[in-house]
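Please read the structure below before turning to the comments.
Taken together, the values in this text are just the output of simple stated rules run on the coordinates, not laboratory data. Remember, it's a predicted structure, so these values are computed and weren't measured experimentally. All Cβ positions, glycine included, derive from the backbone under ideal geometry; neighbour counts span all protein chains shown.
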Amino acid sequence: MSDRDWTVADLMDDYQAGRVSRRGFVRTLVGAGFSMPLIVGLLSACGSDEKKSDSGSGTSGSGVRPSPVTGGFATQAPGAAAFTPAKRGEGGTLKLLWWQAPSILNPHQSSGTKDRDGSRIFYEPLAAIDAEGNVVPILAAEVPSVDKGTLDKSGKFVTWKIKKGVTWHDGQPFTVDDVIFTWKYAVDADTAALTVGSYQNIESIDKVDDSTIKVNFKTATLEWTAPFVSSAGQILPKHVFEKYLGKEAKSAPPNLKPVGTGPFKINDFKPNDIIIADMNDKYHVENWPYFNKVEMKGGGDAPGAARAVLQTGEYDYAWNLQVEYSVLQQLEKGGAGVLAIGPGSGIEHLQLNYTDPNKEVDGEKASLKAPHPFFADLKVRQAFQLAINRKVIVEQLYGPTGDVAIYYFYNPKRYVPDGGKWEFNLQKAGQLLDEAGWKKGGSGTREKDGVKMKVLYQTSVNTVRQNMQAVIKKDLESLGVEVELKSVIADVFFGADPANPDNFPHFYADMQSYTATRSGPDDLATAMKTYLSSEIKQKANNWSKLNSTRYNSKEFDALFEAAVKELDPTKAAEAWKKCNQKLIDDVAVIPIVARNNVAAAKKDLRGMGLSPWDSDVWNIAKWYRQK
Amino acid sequence: MTKFIIRRILISVPTLIGISIVLFSVISLAPGDPFGDIALNPNIPPETQQKLREQLGLDDPVYIRYVKWAGSLARGDWGVSFVNKRPVWDAIRERLPTTLFVIGSAYVVAVLIALPVGIISAVKQYSIWDNIATTFAFLGYSLPTFFTGLVFILLFTVKLGWFPEIYTSNIEASGFGYITETLRHAAMPIMVLALFQSAELTRYVRSSVLDVIHLDYVRTARAKGLSEVKVTLFHAVRNALIPVVTIMALQLPAIFTGAVITEQIFRVPGIGSLLITSLNSHDTPILMGIVFTYAILVVFFNLVADVLYGVLDPRIKYA
């Protein structure tokens, strides 16, 4: 077996057939830069599985997955809560562990999930969004709908009725003025709220009566849930924040001492360390919350947080455990808690650069004027698409915390084309490269017209990502592609500094991968923009736009325009499906892993209803312990 | 002596200014800024991003930002955090008691272990006792705290269940229960740090006692018929500890600034973990607050060490 002609799949075959010893297997993989947990995973996969087909079909994503670990409670809908306490506050203290600590408790002054989660213990939006993408009323009396006339069929307005008898923690009544104020706060230029994106499309808000408002949109939209709903929709009390509008907003004392309508009231907040909250005994839902105290401790790292819940049981719930699955599995054997795996919206994907990162045109690399020497050719991109073994990556690195992704937007299902397929087939990939004129030269590397097929593949520093790089590199090398790996610390890679060529917006490499996230089930317009030709990141716009692959397709632009304009939900879904399909047909992106949200919870904790579209604690009022 | 102290204090002013310039430049030149994560978020328009940068003055050149920072510090104002606009001093003051308690206790424990162990090791050089102590000192000194921390968690939390993995300052018990709970939470970080520091100190104590124990005046003391305990404690150790005291004085600033790694492992809300959080969020004012305070303390305790040396060793005269 020569150094570069094997693939991970071959090696696994050889090992299963007894052609390679266990030691040889391990040594080969170590030599290729694979980490030990991954190798152990591959070994056990060889032992247990018969060789399965390396292609899949059907829409991937948050499908039904045999998940012994979730016990089904992770996606339990709150309405289905079988348990109603006889009185509030009988559950004692709920101990939450966020390995990134909240530093500010104003959901509009931070874009950090940790801060918005911390705020959500105290503040509430008009409605939340559950795992299936349904709107669940919180401060609203009912969900707006076309049938009741509260939702405009042509997407121009939405009418919200708020719940009556709700009071703020300081005793003041909650009114529609607070809702209107929240909009003004979010869009005020000097306040520079980070939730502005959700409120920008509001033209005006009419106060219909004391408990009803009509929100008029600038441009007709299907995304009426952007403002006042879920994390970015948390309503602020007008009487508290009124005097801090504008430049004073950032230093307002209530940013650290929230006054909300939520199930818990602030007791103590030590920024970057701990939040202590007491039950709100005037909470607007009878008999809830179940717990009479919440402690949210922050800091440390994700594996440590997982240990504190799964193994030692010191805490009840830990959030966002992006840790190698083998590590989580090991900890789960501790028996104190279980992994709560819920559907996600993050997509770990591979981008191929459409422009040449090695050629400088007018002082700019990866310029639109310099097409990539081989990725500009669809056949080459298709070959690369075929050479990514998504199954090995998902099964070995993510386990149940991820699924093979076929489409860039895989959730909710209504936007995903039916019957999508993916394939891992190195032979076919080789043929495509041959056809495109990239033949293997003497050194084993493919070349055409004196250009060698050499790629630089970059991503952020992260064990899982480095392992994924190793898997992809190995398969590409067996195809005759020379691969150089580069990993950049996350701070720099995800930064936006126009002067730093190592970050993802510059994309001064041939391939890069990372996870793209979304903010709501219907935010496709915002998220799909990433592939518009008008959004291409270039020096001229300081790389501040959204399209880093520099995919430039008039056809996609047209499909996008058509989808955005479509206001009939069913037709819009069809239009988005076409965009979704186009991205895959053109290999504008290679989706790899549909990532699930992973948390850990004590065995008896129930009622979380984890949703990818909302904060982990959106339903905290109704969390409870099963006796 | 007074002259010497005044001169040293005067010299330390330009030193500190130099240090602050270097620190500020390094922190400002490091890649990334407080709004790094925002770049990924298509929901935040560029105008808002620009506004945020302007409000924090991030678009000014480094030297202007430095002059602004130094100017307000000269008026006693440490500035406010970039992240939540909280005064830097409040953030530090909130963390200081925890750091002083955990790191300070660890230091006391370390000294209490190191002194007897080091002295006995030296007196009974090459005995079994000395070999064991030296081995432990080497182990403790060479094992990094992130490793011993994890081993301790595995042993005391996972296997034995004695101590909690996660430190909390929010202890609900009162009275005696409060004390035992606090100690239970602090036990592991204190042990980890004490192990490391005592290992280091033991080696200093041992070698400086060894330096004096074979000197003539010690032999003379013995010849006078004094008991071995008296010879060791009042003649040998007294002189041997002069360099040790200096070293201890030089290590004192660390008690105020925390132990970055240990605090992170056990989630001790001390200055060290504040430093890490601020580094990750590029919170320059807090970072400067912590590292510059550290610089001041280092300069100060250097002076203290020099003065102490003069006091303890009459042969040394400062002019």
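Some observations on this one:
- Label-to-label distance, B:LYS3 versus A:ASP147, with points set 7 angstrom from Cα along the beta-carbon direction: 9.7 nm.
- Contact order normalised by residue count of chain B, Cα under 8 Å, 6+ apart, percent: 26
- Relative contact order of chain A, pairs being alpha-carbon contacts under 8 Å that are 6 or more residues apart, as %: 21
- For the segment A:295-308, counting C-beta atoms of other chains within 10 Å of every residue's C-beta and taking the mean gives 5.
- Gyration tensor (Cα) of chain B, equivalent ellipsoid semi-axes in angstrom: 43, 28, 16
- Two-site FRET efficiency, A:ASP362 against B:LEU312, from Cβ-Cβ distance with R₀ of 51 Å, rounded to 0.05: 0.15
- Neighbour cut-off at most 12 other Cβ (10 Å), DSSP loop, trypsin sites (Lys or Arg not before Pro), the range B:180-251: B:LYS224
- Rg followed by Dmax, in Å, when the protein assembly as shown is reduced to its Cα trace: 31.2, 108
- B:LEU73/A:ASP502 FRET efficiency (R0 51 Å; Cβ-Cβ; nearest 0.05): 0.95
- Residue order, fewest to most surrounding Cβ atoms within 10 angstrom, among A:TYR410, B:TYR309, B:TYR217: B:TYR217, B:TYR309, A:TYR410
- In nm, spacing of pseudo-spin labels at B:SER127 and A:LEU567 (7 Å Cα→C-beta vector): 9.4
- Per-residue Cβ neighbour rank within 10 angstrom, fewest leading, A:ARG446, B:ARG93: B:ARG93, A:ARG446
- 0 to 90° range, to nearest 10: angle between helix A:176-187 axis and chain A longest Cα axis: 40
- Computed over the Cα atoms of the range B:24-77, the ratio of the radius of gyration to the Kirkwood radius (Rg/Rh) comes to 1.06.
- Acute angle (nearest 10 degrees) that the helix B:176-213 long axis makes with the longest principal axis of chain B, alpha-carbon atoms: 50
- Charge sum, other residues only, whose C-beta stays under 11 Å from B:VAL80's C-beta, Lys/Arg counted +1 and Asp/Glu -1: 0
- Expected 222 nm ellipticity per residue - DSSP helices of 4 or more, -39500 (n - 2.57), all of chain B, to 500: -23000 deg cm²/dmol
- Residue exposure sequence - A:ASP586, A:ASP152 - by fewest surrounding Cβ within 10 Å: A:ASP586, A:ASP152
- Angle between chain B longest axis and helix B:2-29 axis [Cα atoms, degrees, rounded to 10]: 40
- Over chain A: helical MRE at 222 nm, DSSP H runs n ≥ 4 each giving -39500 (n - 2.57), nearest 500: -7000 deg cm²/dmol
- Exercise: per-residue mean of other protein chain Cβ atoms within 10 Å, B:8-19: 0
- Taking the DSSP bridge list for chain A and keeping only pairs wholly inside it, about 75 percent are antiparallel.
- Calculated FRET value between B:ASN41 and B:VAL229, using beta carbons and R₀ = 60 Å, to 0.05: 0.30
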